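Below is one structure, written out as structure tokens; comments come after it.
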Amino acid sequence: MNAQSLNLFGFNITKFVIDDWSDKKSRLLKLIDFTDNEIIECQTDYYKYQTTAPYLNEFVDIMQTDLDKLVNEYTQILSDRYGGECPFKNVEEWQLWSQRYAIGQFHGAHNHGLMNISCVLYVEFNPQEHFPTTFYSPHPNPYYGTIDKIAPPVNEGEILTFPSVLLHESPVSKSNKQRTIMSFNIPMR
């Protein structure tokens with residue numbers, strides 16, 4: 001008898017390595033302003049700008065070649081549904097915000113709603129000091145009934161992309177070094 005395993009209901013995440021990171025990092029950090037931060041879990045400009053930071057266009061200018069690669073990759077991944085056409089809405093409809101974590105700060109488990117590709121760009125991140133984003137399975141483990149979680153390895157200057165409905169969190173920081181991310185949602189047509 002032959003056995004064949006099939007991966008049912010899997011969620012793919014994709015990691016992109018940013019070209020010319022050392023140049024882009026300093027330019028991106030200059031865009032971020034965490035003044036008027038009103039929550040204690042982490043520093044964020046999400047609420048200050050109502051989900052889309054005013055530096056979206058500058059972000060896109062700095063990251064243009066990398067974002068083109070990301071969009072092209074998802075055009076291929078989703079070609080069965082979109083017939084090879086770009087699956088995303090115009091950049092003016094993208095959401096962008098930044099977050100920074102000091103020791104003891106976190107962002108609890110959440111998702112980003114439906115019909116987006118969510119992205120996390122690790123702007124200041126040291127894998128020896130910081131925890132990466134942790135993802136939770138949308139299904140209980142079929143053999144044990146537990147909820148599995150995975151924290152894929154990442155480095156500074158990488159973008160992790162995933163379906164926006166996937167539950168995820170930034171665990172409590174145990175480092176004295178700050179961890180900074182820029183997060184963005186790319187809405188699908």
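The values are calculated or read from the model by the stated rules, or taken from the named source; none is laboratory data. Fair warning: this is a prediction, and the values are worked out from it, not measured in the lab. Ideal geometry is used to build each Cβ from the backbone, glycine not excepted, and the neighbour counts take in all protein chains shown.
Within the stretch 144-156, not a single residue is farther than 25 Å from ASP23 by Cβ, within 16 Å of the chain's Cα centre (by Cα) and surrounded by 16 or more Cβ atoms within 10 Å (Cβ to Cβ).
Hey, which of the strands (runs of 3 or more DSSP E) in the stretch 141-182, taking only ones fully inside, have at least 3 residues that are more than 20 Å from LYS25 (Cα to Cα), in contact with a strand residue (DSSP E or B) (Cβ under 6 Å, 6 or more places away or on another chain) and in contact (Cβ under 8 Å) with a residue 12 or more places away in the chain?
On the way: elements: 147-150, 158-163, 168-170.
Result: 147-150, 168-170.
Among the residues of the stretch 127-136, none qualifies, meaning not one is surrounded by 20 or more Cβ atoms within 10 Å (Cβ to Cβ) and touching a Cys at 6+ places or on another chain (Cβ under 9 Å).
Could you list, in sequence order, the residues of the stretch 44-59 that are among the polar types (S, T, N, Q) and assigned to a helix (DSSP H, G or I)? Please lay out each step first, then the result.
So the first thing to find is which residues in the stretch 44-59 are among the polar types (S, T, N, Q), and the list is 44, 50-52, 57.
Scanning the stretch 44-59 gives a single hit, ASN57.
Every test in (1) under 19 Å from the mean Cα position of the chain (by Cα); (2) closer than 19 Å to ILE181 by Cβ; (3) assigned to a loop (DSSP other than H, G, I, E, B); (4) of a type outside the set (Lys, Arg) is passed by ILE40 save one, and that test is (1). Of all residues in the stretch 62-76, none are aromatic (Phe, Trp, Tyr) and modelled with pLDDT of 95 or more. Any residue in the stretch 71-97 that is among the aliphatic types (A, V, I, L, M) sitting within a Cβ distance under 8 Å of a residue that is buried (at least 18 other Cβ atoms within 10 Å of the Cβ) and not in a strand (DSSP E or B)? List the pairs, counting only those 6 or more apart or interchain. Every condition considered, the pairs that remain are LEU78/PRO87; VAL91/LEU56; LEU96/ALA53; LEU96/TYR55; LEU96/LEU56; LEU96/PHE59. The set of residues in the stretch 90-124 being acidic (Asp, Glu) and within 22 Å of ARG27 (Cα to Cα) consists of GLU92, GLU124. Quick check: is even one residue across the stretch 72-85 acidic (Asp, Glu), in contact with a Ser or Thr (Cβ under 9 Å, 6 or more places away or on another chain), part of a helix (DSSP H, G or I) and within 17 Å of THR161 (Cβ to Cβ)? Yes.
Could you tell me whether TYR46 is in contact with a helix residue (DSSP H, G or I) (Cβ under 9 Å, 6 or more places away or on another chain), surrounded by 14 or more Cβ atoms within 10 Å (Cβ to Cβ) and aromatic (Phe, Trp, Tyr)?
Values: in contact with a helix residue (DSSP H, G or I) (Cβ under 9 Å, 6 or more places away or on another chain): no; surrounded by 14 or more Cβ atoms within 10 Å (Cβ to Cβ): yes; aromatic (Phe, Trp, Tyr): yes.
The answer is no for TYR46.
Selection of the stretch 98-112 for residues being touching a residue at least 60 places away in the same chain (Cβ under 8 Å), under 14 Å from the mean Cα position of the chain (by Cα) and in a loop (DSSP other than H, G, I, E, B) yields only HIS112.
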